[in-house]
Amino acid sequence: MINSAKDKGIVPSDLDAIAFSQGPGMGPCLRTVATAARAISLSLDIPLIGVNHCIAHIEVGRWKTGAEDPVVLYVSGANSQVLAYRNGKYRVFGETLDIGIGNALDKFARGVGLQHPGGPKVEELSKKATSFIQLPYVVKGMDFSFSGLSTAAAAALKDHSLEDVCFSFQETAFAILVEVTERAVAHTGSEEVLLGGGVGANKRLREMLKTMCGDRGIRFYVPDHRFMGDNGSMIAYLGLLMFENNTITPVEESYIRPDYRPDDVIVTWR
Ligand code: FE2
C-alpha cells in the first residue's frame with residue numbers, strides 16, 4: 001500500500017483526510033489500524049474518518065457497478081447480512097443469528113481436512129456431486145443460521161460422499177441467502193440486487209441470485225473481484241464520501257467498534 005502510493009508519486013501533503021475501518025471486526029486488527037490512522041491525522045493535521053466496514057462494501061459496490069438503490073447481500077467469513085437504504089440509514093433486513101456463511105464453509109472444510117480457505121474447495125468438489133442430501137434449512141423470520149448446517153453436513157459424511165455433501169451444503173446455504181434477499185426485494189420494491197463480500201466470488205451463489213433476479217425482472221450487480229472481498233479502496237472511498245459531506249470523526253470518538261452495526265450509522269452522503 002505504502003509502496004504503491006510512493007510509486008504513484010503520492011506524498012503525505014496530497015492527503016485531504018485519513019479514513020480507517022472503525023468496525024465491525026476483530027479488536028486487535030481494528031486497534032492497530034485505528035492507532036496508525038490517528039497518528040497520521042494528528043501529524044499531518046488532516047481530518048480523521050472512521051468508517052463502517054459493511055457500508056464500505058456497499059458503497060464501493062454501488063460505485064463500481066452503478067447500482068443506485070439496491071438490496072445488498074453482503075456475505076463474508078464473519079458477516080452475512082441483507083441490507084437496503086431506507087430513511088437515512090442502511091437497514092438490516094435479515095442477518096445470520098450465529099456465524100457468517102464464509103466461516104460456516106471454512107469450519108466444515110477444516111473438519112474434513114480441506115485446506116484454508118475452504119469455500120473455493122467446497123465449490124470445486126460440489127461440481128462432481130451426483131445427488132442432493134437434505135440438510136437443515138434454517139430461516140427464522142428474515143434471519144438465518146448456519147452453524148447447525150455446518151455440523152449436520154459434517155455428520156452426513158458418514159453415509160454420503162464428500163462431493164454430495166459439499167454440493168448439498170452450498171445449495172442449502174445459498175438457497176437460504178437467496179430466499180431472504182428475494183423477500184427483502186419484495187418488501188422494498190427495489191429493482192436491483194448487489195452482491196458484496198468475499199463469498200460473493202462463489203459462482204453458484206451468483207448463478208442462483210441471477211436466476212432469482214431474472215425471474216423477477218430486476219437487475220443483478222456484481223463488482224469486480226478485487227472490490228468484492230475486503231479491500232483498502234472501499235474504506236478510502238466511503239471515507240471520501242463522508243469527507244465530502246463533512247462527516248468526520250473527532251479523535252475522542254475514534255475508538256474502535258468491534259460490533260459496529262451498519263444501522264448505527266447516519267448516512268450523510270445520500
Ligand atoms: Fe468484509
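The values are calculated or read from the model by the stated rules, or taken from the named source; none is laboratory data. None of the values given here were measured: they were computed from a predicted structure. Cβ sites come from the backbone with ideal geometry, for glycine too, and all protein chains shown count toward neighbours. The protein model used for the area step is the full one, side chains on, heavy atoms only, and it has no ligands, DNA or RNA in it. Shrake-Rupley method; radii C 1.70, N 1.55, O 1.52, S 1.80 Å.
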Worksheet item: Any idea which of (1) small (Gly, Ala, Ser); (2) under 30 Å from ARG31 (Cα atoms); (3) surrounded by fewer than 19 Cβ atoms within 10 Å (Cβ to Cβ) is the one GLY200 doesn't satisfy?
Response: (3)
Worksheet entry | Filtered residues of the stretch 228-251 (kept if more than 15 Å from the ligand (Cβ to nearest atom) and surrounded by 15 or more Cβ atoms within 10 Å (Cβ to Cβ)) | GLY239, LEU240, LEU241, MET242, PHE243, THR247, ILE248, THR249
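Under 17 Å from GLU95 (Cβ atoms), touching a helix residue (DSSP H, G or I) at 6+ places or on another chain (Cβ under 9 Å) and away from the ligand (no atom under 16 Å from the Cβ): does that describe VAL193?
Criteria met by VAL193.
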Worksheet entry | Sole exception among (1) under 19 Å from ILE99 (Cα atoms); (2) touching a helix residue (DSSP H, G or I) at 6+ places or on another chain (Cβ under 8 Å) for THR151, by number | (2)
Worksheet item: Has the stretch 88-103 got at least one residue that is exposed (fewer than 15 other Cβ atoms within 10 Å of the Cβ), over 19 Å from the mean Cα position of the chain (by Cα), under 23 Å from VAL265 (Cβ atoms) and away from the ligand (no atom under 16 Å from the Cβ)?
Response: yes
Discussion item. When the residues of the stretch 203-227 are narrowed to those that are touching a residue at least 40 places away in the same chain (Cβ under 8 Å) and within 16 Å of the ligand (Cβ to nearest atom), which ends up most open to solvent (accessible area, probe 1.4 Å)?
Written reply: ASP224
Response to the item:
Among VAL180, VAL185, the single one that is in contact with a Lys or Arg (Cβ under 9 Å, 6 or more places away or on another chain), surrounded by 15 or more Cβ atoms within 10 Å (Cβ to Cβ) and part of a helix (DSSP H, G or I) is VAL185
Fill in: Hits in the stretch 27-69 (condition: charged (D, E, K, R), open to solvent by 80 Å² or more (accessible area, probe 1.4 Å) and more than 16 Å from the ligand (Cβ to nearest atom))
ARG31, ASP45, GLU68
Worksheet item: If the Cβ limit is 6 Å and pairs must be 6+ apart or interchain, which residue in the stretch 157-168 that is on the phi < 0 side of the Ramachandran plot pairs with which residue that is small (Gly, Ala, Ser) and surrounded by fewer than 16 Cβ atoms within 10 Å (Cβ to Cβ)?
Response: ASP164/SER131
Item to complete: Tell me, please, whether a residue that is within 22 Å of the chain's Cα centre (by Cα) and of a type in the set (Val, Ile, Thr) can be found in the stretch 162-175.
Response: yes
Worksheet item: Are any residues in the stretch 125-151 farther than 15 Å from LEU105 by Cβ and surrounded by 18 or more Cβ atoms within 10 Å (Cβ to Cβ), and if so, which ones?
Response: ALA129, ILE133, VAL138, ASP143
Worksheet, complete the sentence: Reported set for the stretch 10-26 where residues are open to solvent by less than 50 Å² (accessible area, probe 1.4 Å) and of a type in the set (Gly, Ala, Ser) is ALA17, ALA19, SER21, GLY23, GLY25
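Does ASN79 satisfy the condition of being farther than 14 Å from ILE235 by Cβ, under 14 Å from the mean Cα position of the chain (by Cα) and among the polar types (S, T, N, Q)?
It is true that ASN79 is farther than 14 Å from ILE235 by Cβ, under 14 Å from the mean Cα position of the chain (by Cα) and among the polar types (S, T, N, Q).
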